[in-house]
């Protein structure tokens, strides 16, 4: 029995099912939990075929930043955060299901690795031919042969980040915002005015009459 193919199809099925749940569930918290399971399932498939660096990077970068993505979506869509915060216990079943599935995937991955006498020789053929590790071979190939696509991807991601920030800076009623162009055009004469106020001598105090103020 080919355990590698069975595990691959199982991880792929979970990834497809959880990805479908991300766009079908109505609650944003449940969607984020399904998105975490999707990323983790894809990372397991990469670990299964010998791409250790890609699998670990997917878990650290995407799964670690998924809450930032959730907060950004809440900020963009003006979701009622107060209603979401009420009753966090109702999200516990979905969280437990996701945690259990992730644990099963980790155990299955360990079991497949242990059952394979010679793990994934074909998938690491390039790294083995270069007599180096998979991670080092990937880095050397990425920054030598594919440096131009890598730079294009970096520019595209930078533009996407700037566009996302500009979208969030749209004008809303009742919110104080900063205008950088108006702030750069500020002059001291517009903010500071010198007023000449002549000093006046205080009037002399009248002398007290005799017996005034005595008990």
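What FRET efficiency do you get for residue 113 and residue 61 if R0 is 30 Å and r is their Cβ-Cβ distance, rounded to the nearest 0.05?
0.85
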Check your understanding: Once label points are set 7 Å from the Cα along Cα→Cβ at both residue 12 and residue 147, what is their separation, rounded to one decimal in nm?
Key -> 3.6 nm
Revision key, fill the gap. Ordering 37-48, 177-188, 194-205 by per-residue average of other C-beta atoms within 10 angstrom, highest first, gives 37-48, 177-188, 194-205
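No lab work stands behind these numbers, since they all come straight from the coordinates. All figures in this text were calculated on a predicted structure; none of them were measured in a lab. As a convention, Cβ positions derive from the backbone with ideal geometry for all residues, glycine included, and neighbour counts pool all protein chains shown.
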